[in-house]
Amino acid sequence: MKRPAHVFHTKHDFKPELGWAAFQLLSEVPTDGISPSGLHAISKVIGSPLAQRNSLTKLLASMQEVGIVEKTRAGVGLSKAGKALAKGLGCYEIGFRAAVHCLYAWKWIWDGDKKTASPSWSYREVLRQILYSGSVGVDSDEIVLRLVSVAEADFGKVKVSFSRASVSGVTVWLESQALPLVKKEGKRILCQNSSIPMADAIRLHLAALCSLEKGEIVLDDEKIQLLAESFLIQRDRLIGLLEDFARDTDEFLFISSVPNRVVFNGSEDPFIEWIVKEASGLNSEVSE
């Protein structure tokens, strides 16, 4: 069986406002989906921001890459994850944006195919480079060079199609969060360390982590690092944040031990439930 090709580019066409507009329309179409041209036609009738685009192909492809859209007999429609999101956090725009950031950051890890790069792999690598840059920050050209170097180390001598536009495809989502995860000073990109993560962000990324071990996770160094990268905050701030969060939620139980553990107790949000119970191993047949 031929192994899937590496895809590194994170499409800058997939902007938060356009993704939200498409998501809203797709949540209203018949269950068998709609053609991209049909979706575009509707957007023109109702005056959606999507009407400004000549084609929705790239946008819908990006939404498929993060797992909220799938191909259907009629064209495209919301996937199971997309439908769960529409019934949960995705009922409002800032929840949708938080969910896309979560999906981008974790999907490559969930899929479990460490031999094949995807936009999700690139997204997390950009997160790492921004976090590791500390208070000095990093510019887009530096990120590109570093990512190409890491890609060649991880995947061998492969053609890495990743540019400053690809970096923009990541930072546009980081800037769109309820509390922006990055700030820019001239050309340099820095972590926005002046605020703590929103509760919904903590829920999403804890769920993403718990999905790796069927709902219960040991917070060893590797797991803490994954969370730190997702929030773009230093590791030493995390445990206190998680303990404080756990006091105010019934969804997760924080167990103080060596090392600490987190247990998922269940959620009334369909998307949080989907993440923990179904997200990890979506493409398990690829990694086998």
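The values are calculated or read from the model by the stated rules, or taken from the named source; none is laboratory data. Note that the coordinates shown come from a computational prediction; the quantities given were computed from them, not determined experimentally. Virtual Cβ from ideal backbone geometry, glycine too; neighbours counted across all protein chains shown.
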Query raised in the report: Quick one: is residue 148 among the hydrophobic types (A, V, I, L, M, F, W, C), farther than 28 Å from residue 20 by Cα and in contact with a helix residue (DSSP H, G or I) (Cβ under 6 Å, 6 or more places away or on another chain)?
Result: no
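So which residues in the range 49-60 are in a helix (DSSP H, G or I), in contact (Cβ under 8 Å) with a residue 24 or more places away in the chain and not charged (D, E, K, R), if there are any at all?
Of the range 49-60, the ones in a helix (DSSP H, G or I) are 49-52, 57-60.
The next check asks that each one be in contact (Cβ under 8 Å) with a residue 24 or more places away in the chain; those that pass are 49-50, 58-60.
Answer for the range 49-60, where residues must be in a helix (DSSP H, G or I), in contact (Cβ under 8 Å) with a residue 24 or more places away in the chain and not charged (D, E, K, R): 49, 50, 59, 60.
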Report summary line: Taking the range 61-116 and keeping residues of a type in the set (Gly, Ala, Ser) and part of a helix (DSSP H, G or I) leaves 61, 62, 81, 82, 84, 86, 90, 95, 98, 99, 105
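Rundown of residues vs (1) of a type outside the set (D, E, K, R); (2) modelled with pLDDT under 95, yes/no style:
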{"residue": "159", "(1), (2)": "no, yes"}
{"residue": "169", "(1), (2)": "yes, no"}
{"residue": "172", "(1), (2)": "yes, no"}
{"residue": "181", "(1), (2)": "yes, no"}
{"residue": "196", "(1), (2)": "yes, yes"}
{"residue": "208", "(1), (2)": "yes, no"}
{"residue": "235", "(1), (2)": "no, yes"}
{"residue": "242", "(1), (2)": "yes, yes"}
Requested in this report: Of the conditions (1) of a type outside the set (Gly, Ala, Ser); (2) closer than 23 Å to residue 95 by Cα; (3) loosely packed, with under 14 Cβ neighbours inside 10 Å, residue 236 clears all except one; give me its number.
Outcome: (2)
Report task. Identify all residues within the range 164-183 that are of a type in the set (S, T, N, Q) and in a helix (DSSP H, G or I); write none if there are none. Result -> 166, 168, 171
Requested in this report: State which residue is farthest from the chain's Cα centre (by Cα) when the search covers only the range 60-103 and only residues that are hydrophobic (A, V, I, L, M, F, W, C) and within 14 Å of residue 120 (Cα to Cα).
Outcome: 61
Requested in this report: Being more than 14 Å from residue 131 (Cβ to Cβ) and touching a residue at least 40 places away in the same chain (Cβ under 8 Å) is the filter; apply it to the range 189-204 and report the residue that is surrounded by the fewest Cβ atoms within 10 Å (Cβ to Cβ).
Outcome: 199
**Report entry** Residue that is modelled with the lowest pLDDT [pool: residues in the range 32-50 that are closer than 30 Å to residue 113 by Cα and surrounded by fewer than 18 Cβ atoms within 10 Å (Cβ to Cβ)]
**Finding:** 32
Requested in this report: Would you mind finding the one in 36, 30 that is out of contact with any helix residue (DSSP H, G or I) (no Cβ under 9 Å at 6 or more places or on another chain) and not assigned by TED's automatic domain parsing to the domain that holds residue 124?
Outcome: 30
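Within the range 219-233, can you find the residues that are surrounded by 15 or more Cβ atoms within 10 Å (Cβ to Cβ) and not in a loop (DSSP other than H, G, I, E, B)?
223, 224, 226, 227, 228, 229, 230, 231
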